[in-house]
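Derivation of every value follows stated rules applied to the coordinates shown; laboratory data play no part. As the structure is a computational prediction, the values presented were derived from the model and not from experiment. Cβ atoms come from the backbone with ideal geometry, glycine included; neighbour counts cover every protein chain shown.
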Amino acid sequence: MSIEDLQDKVKKLSMRSTTAKMNLHDLSEELPTDWEKIPEVAQETFEVFKALAAARKELKAAKKAEGV
């Protein structure tokens, strides 16, 4: 994957992570309503942030390999 592709991937995951973070925040503000959704929303948030961290690491390694 090229550096540009990795940058696009990081950008998209960053946007998804912001949305996931806001969903988790909104859910917390609505408690105790919809408390049953906590595991699902938290897992989605965890997964997107995990993917974002991995993509950032991959991008950093690619830039280092390219000497950028």
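Do you know which residues across region 39-59 are surrounded by fewer than 17 Cβ atoms within 10 Å (Cβ to Cβ), more than 10 Å from LEU24 (Cβ to Cβ) and in contact with a helix residue (DSSP H, G or I) (Cβ under 8 Å, 6 or more places away or on another chain)? Once the filter is applied, which keeps residues that are surrounded by fewer than 17 Cβ atoms within 10 Å (Cβ to Cβ), more than 10 Å from LEU24 (Cβ to Cβ) and in contact with a helix residue (DSSP H, G or I) (Cβ under 8 Å, 6 or more places away or on another chain), region 39-59 yields PHE49, ALA51, ARG56, GLU58. What tally of residues in region 2-50 results from selecting those that are among the β-branched types (Val, Ile, Thr) and over 28 Å from LYS64 (Cβ atoms)? Final tally of qualifying residues: 5.
Among (1) exposed (fewer than 12 other Cβ atoms within 10 Å of the Cβ); (2) touching a residue at least 40 places away in the same chain (Cβ under 8 Å); (3) not β-branched (Val, Ile, Thr), which single condition is PRO32 missing? Unmet for PRO32, out of (1) exposed (fewer than 12 other Cβ atoms within 10 Å of the Cβ); (2) touching a residue at least 40 places away in the same chain (Cβ under 8 Å); (3) not β-branched (Val, Ile, Thr): (2).
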